[in-house]
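Read the figures in this text as sums done on the coordinates, not as results from a lab. If you're wondering where the values come from, they're calculated on a predicted model, not measured in any experiment. Cβ placement follows ideal geometry from the backbone for every residue including glycine, while neighbour counts extend to all protein chains displayed.
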Amino acid sequence: MMDKVKVAAAQVSPIFMNKEATIDKACRTIEEAGRAGAKLTVFSETFIPGYPYWRGLQPISRWSDFMVQYQKNSVRIPSSDTDVLCDASKNADMISVIGCTELSDRKGSETLYNTILFIGNNGKVLGRHRKLMPTHGERMVWGMGDASDVRVFDTDIGTIGGLVCYEHHMTLLKAAMGSLGEEIHCAVWPGWWVMNRHPGDKKRYEEGKDSSHFCDIEHAVREYAFENQAFVISVSQYVPDKDLPKECADFNTAAGGSFIVNPAGVILAGPVFDKEAIIYASLDSDDRRHTKAYFDALGHYSRRDIFKFDFKNEY
């Protein structure tokens, strides 16, 4: 990993259900972060074209109308859409990590995936990660990823990987990412919520009214960092209610809440709520060394004489 590197969490609102306008906004954000000296910029879950806050909508005919619009505004990888993002990344000398809803590249398919797109600072697509298991009602929107989606990417600034939302509660998936030598982790989310008694009993976080500690995101991110001794750039979507169709009001959790932590789980920047912001932090590789000196998950603390971890890494 590079000794020191500046990174950015891009908490900017998508132009909801408008792929072209949202891609244009992503390019402008990449340019701005590049001018500020960042070498890696991360966008929220399904930034292009926004999270399907209508996923539980009834009647089903109205859900279907939204779904067709979502298909039309989803991204193929590769395509002219990714070409535009690649050009912006190359011009800014930026590694860009962008949450998007991806349209299947299989001929004849209209299946969608909850995908993280990784673009190198050379303007080439590094690869993608498709969410392995859509959560709850998301299964009506997205298909499942497969073993080829458990991967990391070696770059000039370090080994980078990423997971989507509740994948951060999948114990063996986290272990797999650690076993691949991930150094910088990109965690993407659809918002920030207050959970009452169970995951189905939650609402959008309101700053000044709610405790942020009622959201499992903070705990998941900080523990992920410590477990795998990785820096984590956690980016949550922010969308004002006024920018969404009225049908989305009951499920809009997009309050922001993006933050960046070091490998000890210490917050370096953020969280920021209820506004657009580009959140910057400088990652110091010595922070990782200090943590590994106490707790090296891939070294002296792994107890390979007792435990064996294996996973299917080919589809």
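Treating the beta-carbon of each Lys and Arg as +1 and of each Asp and Glu as -1, no other charges, what is the dipole magnitude of the chain about its Cα centre, to the nearest 20 debye? Numbers along the way, then the final one.
Values: 37 positive and 43 negative charges, 76 e Å.
Roughly 360 debye, rounded to the nearest 20.
DSSP finds beta bridges in the range 4-294, and of those with both partners inside it, around 65 percent are antiparallel.
With 0.36 nm allotted per residue and the present C-alpha distance subtracted, the V266-D87 stretch has 61.0 nm of extension available. Comparing the range 97-236 with the 2.2 N^0.38 Å rule of thumb, its C-alpha radius of gyration ratio is 1.09 (two decimals). Annotation for Y301 and M140: the two label points, set 7 Å from Cα along the Cα-Cβ direction, are 4.2 nm apart.
Each residue in Y205, Y51 was given a count of other beta-carbon atoms within 10 angstrom of its own, and listing them fewest first yields Y205, Y51. Neighbour counts of C-beta atoms inside 10 Å place S104, S282 in the sequence S282, S104, starting with the fewest.
Reported to the nearest whole Å, the Cα centre-to-centre distance from the range 98-140 to the range 236-253 is 22. The stretch between F214 and K124 holds 28.5 nm of extra length on full extension. This uses 0.36 nm per residue minus the Cα-Cα distance. Each residue, E247 and K6, gets one label point 7 Å from its Cα in the Cβ direction; the gap between the two is 4.3 nm.
Dipole of the range 4-294 computed with +1 at Lys/Arg Cβ and -1 at Asp/Glu Cβ about the Cα centre; of W189, G265, N114, farthest Cα towards the positive end is N114. Against the longest alpha carbon principal axis of the chain, how many degrees, from 0 to 90 and to the nearest 10, is the axis of helix 19-35 turned? Once rounded, one gets 30 degrees. When the chain is treated as a GNM with alpha-carbon contacts under 10 Å, the residue of I30, I60, I98 showing the greatest mean-square fluctuation is I60. If the segment from M133 to K107 were pulled out straight at 0.36 nm per residue, it would be longer than the present Cα-Cα gap by 7.1 nm.
Out of every Cα-Cα pair in the range 1-158, what percent are more than 24 Å apart? Of all Cα-Cα distances in the range 1-158, 33 percent exceed 24 Å.
Relative to the longest principal axis of the Cα atoms of the chain, the long axis of helix 285-294 lies at roughly 60 degrees.
Fewest first, what order do T135, T115 take by the number of other Cβ atoms within 10 Å?
Working: T135 16, T115 26.
Taking fewest neighbouring Cβ atoms as first place, the list is T135, T115.
Taking the longest Cα principal axis of the chain as reference, the axis of helix 216-228 is set at about 30 degrees. Radius of gyration (Cα atoms) of the chain, expressed as a multiple of 2.2 N^0.38 Å: 0.94.
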